[in-house]
Amino acid sequence: MSYDIEYLVVHKCGFEENKINAKRASNAAAPLAAWVKANVQYSHVLERIQPLETEQAGLESEWILRNLKKTEDRKRKLEELLNSVGQKVSELKEKFQSRTSEAAKLEAEVSKAQETIRAAEVLINQLDREHQRWNAQVVEITEELATLPKRAQLAAAFITYLSAAPECLRKTCLEEWTKSAGLEKFDLRRFLCTESEQLIWKSEGLPSDDLSIENALVILQSRVCPFLIDPSSQATEWLKTHLKDSRLEVINQQDSNFITALELAVRFGKTLIIQEMDGVEPVLYPLLRRDLVAQERHIFSQEHYLT
């Protein structure tokens, strides 16, 4: 149709040869003819452009498909790389958790080891102090062993010769004997008993003064039967408490059954305390001298305390 219009415009209307005549013929025909001509020229342009547009569209479609394929390939590769990275991250997380658990375990072990080391250091320090104390005790015991015979003689002399002496005389004589024996000092209480024994005696009612402790040592360490002058009855009450587990029997010398109780005490090995003595009865002489005999399976030997 565009060719027919073009033919009419060019060959029959004669617009190209005589434009002026067209304008003269009609004022409205000239613009219309120009418009028709412009549309014809536009159609020519469209006819020329259409193959190019078609070719461009084909090229664009081919380029898009090629780029789409490349993009999909790249996307697939990136997804594979991402999956690989994700798997590696998961492995690293597992390793991190494992290392974290191991680190926590090692930290706990280190803390425990540090506590053990601190406890060992405390123990070593305590053992070191104990070692120093033991060394000091060894030195002290060695010195005491070297002077043991002399101190034993002083203790025996005190019990034998000073048991009936007053406190001032005891102290004076013991100091002179200590110097004569070549000793710097001598503690009778520490030599014959321990601190724990003294505490037990005090808990049993024995007074805590030096004289009472010395008298208790004489009573318990002497091989002879002691005769006690005890107006306050403190020593007697202490002996009753101290000897309560030794089959103790207490009797007065004026009791009517005195002889019978004495014989039974000797026969059955009892500990006998005789109170209210004005003198020593002749029947007690063999016991005090330990002139005893054994009959059948009984041995008549036991300490007796007379008050």
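The values are calculated or read from the model by the stated rules, or taken from the named source; none is laboratory data. What you see is a predicted model, and the numbers here were worked out from it, not measured in a lab. All Cβ positions, even for glycine, are placed from backbone atoms using ideal geometry, and neighbour counts span all protein chains on display. What goes into the accessible areas is simple: the full protein's heavy atoms, side chains included, and nothing from ligands, DNA or RNA. Shrake-Rupley method; radii C 1.70, N 1.55, O 1.52, S 1.80 Å.
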Residues satisfying the stated conditions in region 141-195, i.e. touching a residue at least 12 places away in the same chain (Cβ under 8 Å), in a loop (DSSP other than H, G, I, E, B), under 54 Å from the mean Cα position of the chain (by Cα) and within 18 Å of LEU217 (Cα to Cα): PHE186, CYS193
Test: residue in region 75-89 that is hydroxyl-bearing (Ser, Thr, Tyr), within 59 Å of the chain's Cα centre (by Cα) and either at pLDDT below 90 or open to solvent by 80 Å² or more (accessible area, probe 1.4 Å) (or both): yes
Restricting region 112-135 to residues that are open to solvent by less than 80 Å² (accessible area, probe 1.4 Å) and of a type in the set (A, V, I, L, M, F, W, C), the residue that is nearest to the chain's Cα centre (by Cα): ALA119
Residue list for region 236-285, filter: within 26 Å of GLN221 (Cβ to Cβ), of a type in the set (S, T, N, Q), open to solvent by 20 Å² or more (accessible area, probe 1.4 Å) and part of a helix (DSSP H, G or I): THR241
Which listed residue, of ILE213, ILE200, is without any contact (Cβ under 8 Å) to a residue 12 or more places away in the chain, surrounded by 12 or more Cβ atoms within 10 Å (Cβ to Cβ) and part of a helix (DSSP H, G or I): ILE200
Every pair of residues 6+ apart whose Cβ atoms lie under 8 Å, when the first sits in region 218-233 and is under 18 Å from ARG189 (Cβ atoms) and modelled with pLDDT of 85 or more while the second is among the small types (Gly, Ala, Ser) and not in a helix (DSSP H, G or I): VAL218/SER163
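Is it the case that TYR3 is modelled with pLDDT under 75, out of contact with any Ser or Thr (no Cβ under 7 Å at 6 or more places or on another chain) and either among the polar types (S, T, N, Q) or outside any loop (DSSP other than H, G, I, E, B) (or both)? Spell out the reasoning first.
Values: modelled with pLDDT under 75: yes; out of contact with any Ser or Thr (no Cβ under 7 Å at 6 or more places or on another chain): yes; either among the polar types (S, T, N, Q) or outside any loop (DSSP other than H, G, I, E, B) (or both): yes.
It is true that TYR3 is modelled with pLDDT under 75, out of contact with any Ser or Thr (no Cβ under 7 Å at 6 or more places or on another chain) and either among the polar types (S, T, N, Q) or outside any loop (DSSP other than H, G, I, E, B) (or both).
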